[in-house]
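Peer 1: Sharing a structure below in structure tokens format, with a few things to ask.
FYI, it's all coordinate maths here, none of it is from the lab. Since this is a predicted model, take the numbers as computed values, not measurements. Heads up, the Cβs are rebuilt from the backbone with ideal geometry, glycines too, and the neighbour counts pull from every protein chain shown.
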């Protein structure tokens with residue numbers, strides 16, 4: 001019985017170690033426009049370029065969004081606001097244990113409400 005408990009403990013420890021050593025990270029930022037300092041309800045799409053998964057969030061009343069629990073890698077990040085269009089940053093690197101900040105600012109001269117185009121400038 002004692003040996004069996006040891007093996008259960010070792011097995012449990014072995015399954016927990018990879019989860020603890022893999023450092024999670026995230027992305028945060030603000031969504032605004034040239035008319036409003038904060039845009040609430042913007043749809044934020046985060047797509048992993050290397051792992052092929054998708055996460056979605058929305059900006060709050062202050063225009064702030066946060067997505068944690070990501071793994072290190074390259075991500076395509078976009079913000080879409082109904083009537084204002086979409087801004088895409090096609091390749092944002094996210095590093096282990098870090099939270100990246102990516103703000104979105106919708107400017108009238110660059111608005112394209114019908115499609116989701118890559119952003120003009122990359123950070």
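Peer 1: Pop the C-beta distance of residue 53 and residue 107 into the FRET formula with R0 = 30 Å and round what comes out to the nearest 0.05.
Peer 2: Numbers: r = 31 Å, r/R0 = 1.02.
Efficiency, rounded to the nearest 0.05: 0.45.
Peer 1: Given that compact globular proteins tend to follow 2.2 N^0.38 Å, what is the ratio of the alpha-carbon Rg of region 23-118 to that value?
Peer 2: Values: Rg = 12.9 Å, N = 96, 2.2 N^0.38 = 12.5 Å.
Here the answer is 1.04, to two decimals.
Peer 1: Roughly what % of DSSP beta bridges within region 23-118 run antiparallel, to the nearest 5?
Peer 2: 70
Peer 1: Compute the FRET efficiency between residue 64 and residue 4 as 1/(1 + (r/R0)^6), taking r as their Cβ-Cβ distance and R0 = 41 Å, and round to the nearest 0.05. Write out the running numbers ahead of the final one.
Peer 2: Details: r = 50 Å, r/R0 = 1.23.
Efficiency computed from Cβ-Cβ geometry: 0.20.
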